[in-house]
Amino acid sequence: MKAVFLDFEYNDSTEAKLNLVSVAASVYHGDDLISREVFWLHKTIKEKKRFSRIVDQWIEEDYYFVAYNVIAEGRSLLSLPTPFDIVNIKWIDLWLEYRNLLNHNNKLSYGKQLIEGKVVTTFPPKPVWQQDAAYKKESHDKPSDGLAACCFKLLGVKIDTDRKEAVRDLIISKPKTFTPEEREEICEYNLSDIDYLKQILDEVLRLYGKNYPRKYRLKIKEWMLSRGNFAARTAVQEKGGYPINYQHTLNFSKSVGDILGEIQGEINELFPDVKPFDYNLRKGLYKWSHVRTKEWIRTLPPDIVSQWTLTKGKDLSLSLDAFTEFFDFKHNYPKDNLGAQFVRFLKTKQGLNGFTVASSKSSSKTPRKTLWDYVGRDKWVRPYTNIYRSQSSRNQPSATSFMFLKAAWMRSLVQPPSGYAMGGIDYGSEEFLIAGLESGDTAMIEAYHSGDVYLWFGKKCKKIPQNATKKTHGKLRDRFKSSVLGIQYQMAAKSLALKIQNDTGEPCTEEQAQEFIDMFNNIFWRYSEYRDFVIQEYYNNGYLILDDGWTMWGDNSNFRSIANCPIQGKGAVIMRKFISYGQDAGLTLPLSLHDAGYVLFPSEEIWQMDTLADCMQEAFRDSFPDRDAETCKVRLDGSIWSPDYPKEECKIWTPAGMELKRQQIYVDDRSIDEYNKFKKYFDRELDSDLL
């Protein structure tokens, strides 16, 4: 094939247009190197225009564009004087291909790796009961997926990462001019990176030919181009960014200590017998008493204490993961449940970490980034989207830069400018319908289209009266809701009993939880059989492939993770289609997160929400080509918000009849209490400097 291998050097990544410094390009016809050149672009319009003409020629001659991180190269092309229609270029992203190869592939993920510039031999993790003394001395670090790590693993080439970081630091320092010596160093460095790209592509294709069965090999190019196209579309998203109320966010950032202190003080008042936080009157700060917290954990039921996560030193862990294992609360935190309050505290702390500058005492070699490292001069946030990061190919954006991943009440800081509105639509119970469609479980499909899965399930079990509603039998429905959500992810009886108890506030025995599991497996038996089939096929084949080619290789030993991958992965495929359809329909942004899509539009053009809904419905429907449109009709829940709208929240309807919740500021119903408690910090300006 005819291919051009590209690598730009740039700075100002928080801006809509990058400040381009240089670009290296090597052109191949098959295995023949036709040209290899570096273009100096820094403050040279003439050279930028010359390079643009060459890119035009490559596009006209139908070249493939190959890069290690198409998002960066796509944003660079969009920053040239005449931006290109990058989504119609044939892209291959070697970064994503390496990520695909690493996904539960122990041969590549472990062994000798280049991690932070050092060669380290790593080993796959093992269950706790298999971890002996020798195991604990081994490294079990996850592999890096940077260019240097990829070159080392696939090609056996060790790049000088110290030199790489030094040149990169020089570039991002943004000097007004570069000396002739610096320019020569940057150009040489830029060229050195593209020298390995053709070799990486050849090795990726060799490994694909070796690992994929023959029946899939004709699809490999299509899959690679699909991933490259999504990366290009993500470049468009990241260039646009999303709006925040800058002043409110700044005020909020300065108040992080006060917000945490308010929560710590409240927890002390709620549980004076434990009093988990000590107050230092002189400093005016709380300090978490780990000793008293661990003493409280030891008072919990023996089956919880025996399963509590331990640190490497075999002490009780106080991590968020350790608490959510038994107190999995997401938005509402009962005031009579200390475990729930610890989860509230830790989740808030985690969300607030992204607003403040890291302590100078931090031992980390790389300073921790904050939200402000992603905010441009136009006061818009340009997040790191982290595409294809999960095993099921979901995006995993950094919570530091992606406000929609923070606590629900913090998302109120996402505010469009005057004259514009933002809209969001969630797929309602999407994964339940996907599970029914994928498994062919007609009972699941019927339950979904009844409008209330949980009431339907309870009535089918003859545990809820046939004439019951959410209003008349809400508490009983909540037990069935907790059971469905837990069982769908294959919770065992012990964990499910705890989940039901936490969610409803009412006791649930292990025997009662097992009854829920048995009823679920009896009524949704096709889905239950499908899960077992997926697991067996995975172990037999040694891989699991999603519709658009993302692959989970055969070294995943977690049966729950295996069974959930095709369902969650299908959702990820659908969201990628939505982004494609939304951009092609002319929507601005559009952003996605798991099962939600977002759009920006002039505040009076509510009809754009119908376009957003159409794109989401079409993306879902097209993912099940063998099913009729009515069966694939998914519920959509929408809301819009704008500073131009009245303060009073109300329901409105789009021209096509879709019901929306309209607000001046976006506040999730589940987070109203927390929002009302902390919104005072949005308007409060402090004298201390943040940045």
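The table below gives the values:
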{"item": "Largest-first principal axis extents, alpha carbons of segment 432-473, Å", "result": "33, 17, 10"}
{"item": "Per-residue Cβ neighbour rank within 10 angstrom, fewest leading, His331, His290", "result": "His290, His331"}
{"item": "5 angstrom amide H check on Phe329, placed H, neighbours 5+ away", "result": "none"}
{"item": "From phi via Karplus (6.51, -1.76, 1.60), per-residue ³J(HN,Hα) for segment 385-394 in Hz, x at Gly/Pro", "result": "7, 6, 6, 6, 7, 7, 4, 8, 6, 5"}
{"item": "Full-extension gain in nm, Ala656 to Asp195, via 0.36 nm per residue minus C-alpha separation", "result": "160.6 nm"}
{"item": "All-pairs Cα distance distribution in segment 1-137, expressed in whole percent, bin size 5 Å", "result": "2, 8, 15, 17, 15, 11, 9, 7, 5, 5, 3, 2, 0"}
{"item": "Amide hydrogen neighbours beyond the local backbone of Lys2, cut-off 5 Å, H modeled", "result": "Gly30, Tyr64"}
{"item": "Descending semi-axes in whole angstrom, ellipsoid equivalent of segment 123-235, from the Cα gyration tensor", "result": "33, 26, 14"}
{"item": "Relative compactness, segment 55-199, computed as alpha-carbon Rg over 2.2 N^0.38 Å", "result": "1.31"}
{"item": "Segment Asp378-Phe123, length gained on full extension (0.36 nm per residue, minus Cα span)", "result": "87.2 nm"}
{"item": "Rotationally averaged projected area of segment 477-614 (alpha carbon convex hull; nm²)", "result": "11.4 nm²"}
{"item": "At 1.002 mPa s and 20 °C, Stokes D of segment 388-481 from Kirkwood alpha-carbon radius, µm² per second", "result": "129 µm²/s"}
{"item": "The chain: radius of gyration over Cα atoms, expressed as a fraction of 2.2 N^0.38 Å", "result": "1.01"}
{"item": "Lysine pair number, Cα distance threshold 26 Å (strictly under), segment 580-691, separation 8 or more or different chains", "result": "12"}
{"item": "222 nm mean residue ellipticity, helices alone, for the chain (DSSP H n ≥ 4; -39,500 (n - 2.57); rounded to 500)", "result": "-13500 deg cm²/dmol"}
{"item": "Relative contact order of the chain, defined on C-alpha pairs under 8 angstrom at six or more residues apart (%)", "result": "14 percent"}
{"item": "Count of Lys pairs (Cα-Cα under 16 Å; at least 8 positions apart or interchain) in segment 146-283", "result": "4"}
{"item": "J(HN,Hα) series, segment 139-145, from Karplus relation 6.51 cos²θ - 1.76 cosθ + 1.60, nearest Hz, glycine and proline x", "result": "8, 10, 5, 6, x, 7, 10"}
{"item": "Per-residue ³J(HN,Hα) for segment 232-240, Karplus 6.51 cos²θ - 1.76 cosθ + 1.60, θ = phi - 60°, Hz, x for Gly and Pro", "result": "5, 5, 5, 4, 5, 4, 5, 4, x"}
{"item": "Net +/- balance of residues flanking Asp32 in space, Cβ distance below 14 Å, scoring K and R +1, D and E -1", "result": "+1"}
{"item": "Isotropic mean projected area of the C-alpha convex hull, segment 411-452 (nm²)", "result": "4.5 nm²"}
{"item": "Lysines with Cα under 19 Å of Lys126, excluding same-chain neighbours fewer than 8 positions away", "result": "Lys107, Lys112, Lys136, Lys137, Lys142, Lys312, Lys314"}
{"item": "Square roots of five times the Cα gyration tensor eigenvalues for segment 578-691, Å", "result": "32, 16, 15"}
{"item": "For the chain, with +1 on Lys and Arg beta carbons and -1 on Asp and Glu, the positive-most of Ile259, Leu318, Asn69 along the dipole", "result": "Leu318"}
{"item": "Sorted peptide list for 423-430, 119-126, criterion being average Cβ within 10 angstrom, highest first", "result": "423-430, 119-126"}
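Computed from the coordinates by the stated procedures, all read-outs in this text should not be read as laboratory data. Keep in mind that what you see is a predicted model, and the values were worked out from it rather than measured. In this analysis, Cβ positions are derived from the backbone assuming ideal geometry, glycine residues included, and neighbour counts consider all displayed protein chains.
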